[in-house]
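Take a look at the structure below.
Rule-based calculations on the coordinates, nothing more; no lab input. Being a predicted model, the structure only gives us computed values, none of them experimental. Please note: Cβ atoms are built from the backbone with ideal geometry, for glycine as well, and neighbour counts cover all protein chains shown.
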Ligand code: PRP
Ligand code: URA
């Protein structure tokens, strides 16, 4: 499935604020919230719909409603920063959680927490994480969520590296990948260049 890079003017403006090393936690979080809403709008634009019979104050009509339940899955920790914005746009979304931590030396991700609502098989699962670096965390998260029954999965990240995009496209060709922007490369520590640093630390003030 194709990778989409949004390249949206307002998102790029807010992302530049987030990238600035002098931006404090609260401003970082506020901008991530706002970007999440903009991304949720873009990502949901072509969701499948079914007809719904209603009566307007004027006459009966066939309207539309979402065909499938949406399950939003933040990859802990930093993915949590995208949840509020998405929920504001899709208030009926249910939320699953998956905790993936990169081993700082091997960069190999390990699952340390998982909790999902029922109905993964029939839902549209939107996995969110601000950063797609080596792609290891997201690829492992997708594998684990598929193993629990999910079939229709989208991965939404703010900043991606070409290395991570390649991993997702190769490991999960059936998953739609949506990025706000594609950066240049990874550095020797697996950080995205130019990137925005450690998203979890900047979001939660733990650096
Ligand atoms: C960050 C980020 C992604 C992952 C991306 O999480 O939020 O989940 O790194 O890197 P990868 O593509 O190379 O796997 P991290 O492991 O730092 O955990 P945290 O969110 O708890 O800080
Ligand atoms: N995780 C982050 O938070 N930032 C990066 O640049 C890479 C992985």
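Details
- By the helix-only formula, in which each DSSP H run with n ≥ 4 contributes -39500 (n - 2.57) and the sum is divided by residues, the chain has a 222 nm mean residue ellipticity of -9500 deg cm²/dmol.
- For the chain, the relative contact order comes to 23 percent (Cα pairs under 8 Å, sequence separation of at least 6).
- Computed log₁₀ I(q)/I(0) - Debye formula, equal Cα scatterers, no solvent, the range 21-130, q 0.23 Å⁻¹: -1.24
- Using alpha carbons only: equivalent-ellipsoid semi-axes of the range 1-65, gyration tensor based, whole Å: 37, 16, 8
- Subtracting the Cα-Cα distance of residue 84 and residue 47 from their residue separation scaled by 0.36 nm leaves 11.3 nm.
- Taking 19 Å as the cut-off, the amide N atoms of the range 93-108 that come nearer than this to a point 7 Å along the Cα-to-beta-carbon line of residue 189 belong to 101-108.
- Inter-centroid distance (Cα atoms) of the range 74-127 relative to the range 1-59, Å: 17 Å
- DSSP assigns beta bridges within the range 83-207; of those with both partners inside it, close to 35 percent run antiparallel.
- Over all distinct Cα-Cα pairs of the range 52-207, the Kirkwood formula returns a hydrodynamic radius of 16.5 Å.
- Summarising the label geometry, the points placed 7 Å from Cα in the beta-carbon direction at residue 7 and residue 147 lie 3.8 nm from one another.
- Rg/Rh (Cα only; Kirkwood hydrodynamic radius) as it applies to the range 127-205: 0.97
- Within the listed set 52, 185, 29, the residue fluctuating most in the Gaussian network model of the chain (springs between alpha-carbon atoms under 10 angstrom) is 52.
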